[in-house]
Amino acid sequence: MAPYEKLHAWRECHELALAVYRVTKQFPDEERFGLTSQARRAAFSSAVNIVEGSARRSNKEFRRFLDIALSSLTEVGYTLRFAREAGLLPDEAWSRLSDQQNRARFLTWRLYISLRRP
């Protein structure tokens, strides 16, 4: 098992990315290069930045990647909100994904804070 696989934040971001990929398959074809692509890239970015950061040599470097992951998670949240308000994402799916995004962001933030300690 790779070290990042032990991190709760990574697991939640990974599951969120998979869920975003699944739900965006239902978006219209004309959104493939727009909202679909944006949502997928942001969700994937949150998980992949934790992976890359965990391989860095210092906590300071790892925190920099966690900061990027947190930004990507915020982007995912807005992208999902926009999709819901544009009528592309049903309320139930949005609610589930929004909760998942909030958990991922909370766990990533807690990991970020924990690396500040000596």
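Treat every Asp and Glu Cβ in the chain as -1 and every Lys and Arg Cβ as +1, leave all other atoms uncharged, and give the resulting dipole magnitude about the Cα centre to the nearest 20 debye. Present the calculation step by step, with values, prior to reporting the outcome.
Working: 20 positive and 14 negative charges, 146 e Å.
In total the dipole reaches around 700 debye.
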Can you show me the helix-derived [θ] at 222 nm for the chain, built from DSSP H runs with n ≥ 4 at -39,500 (n - 2.57) apiece and divided by the number of residues, rounded to the nearest 500.
-26000 deg cm²/dmol
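Among H8, H14, what's the order by accessible area (1.4 angstrom probe), most exposed first? Could the numbers behind the result be given before it?
Numbers: H8 115, H14 65 Å².
Reading off the accessible areas and sorting them downward yields H8, H14.
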List the equivalent ellipsoid semi-axes of the chain in whole Å, largest first, each obtained as the square root of 5λ for an eigenvalue λ of the Cα gyration tensor.
28, 13, 11
Between S71 and W109, what length comes free when the chain is fully extended (0.36 nm per residue of separation minus the Cα-Cα distance, one decimal in nm)?
12.6 nm
Pop out the ³J(HN,Hα) list for segment 47-52 in order, Karplus 6.51 cos²θ - 1.76 cosθ + 1.60 with θ = phi - 60°, rounded to Hz; leave Gly and Pro as x.
6, 5, 6, 5, 4, 5
Normalised contact order of the chain, rounded percent, pairs of Cα under 8 Å and 6 or more residues apart:
32 percent
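I'd like to check one number: the per residue accessible area of the chain, probe 1.4 Å, reported in Å² as a whole number. Mind showing how you got there, number by number?
Values: 7240 Å² over 118 residues.
The answer is 61 Å² per residue.
Would you mind putting 22-30, 99-107, 59-67 in packing order, based on average other-beta-carbon counts within 10 Å, highest first?
On the way: 22-30: 13.0, 99-107: 19.1, 59-67: 16.8.
Per-residue mean Cβ counts within 10 Å order the peptides as 99-107, 59-67, 22-30.
Carbon and sulfur: what percent of segment 20-118's accessible surface (1.4 Å probe)? Each step should come with its number before you reach the end.
On the way: 3070 of 6120 Å².
Using a 1.4 Å probe with all protein chains present, segment 20-118 comes out at 50 percent carbon and sulfur.
The values are calculated or read from the model by the stated rules, or taken from the named source; none is laboratory data. Values in this document were obtained by computation on a predicted structure and should not be read as measured data. FYI the Cβ positions are ideal-geometry reconstructions off the backbone, even for glycines, and counts take in every protein chain you see. Calculation scope for accessible area: heavy atoms of the full protein, side chains included, ligands and nucleic acids excluded. Shrake-Rupley method; radii C 1.70, N 1.55, O 1.52, S 1.80 Å.
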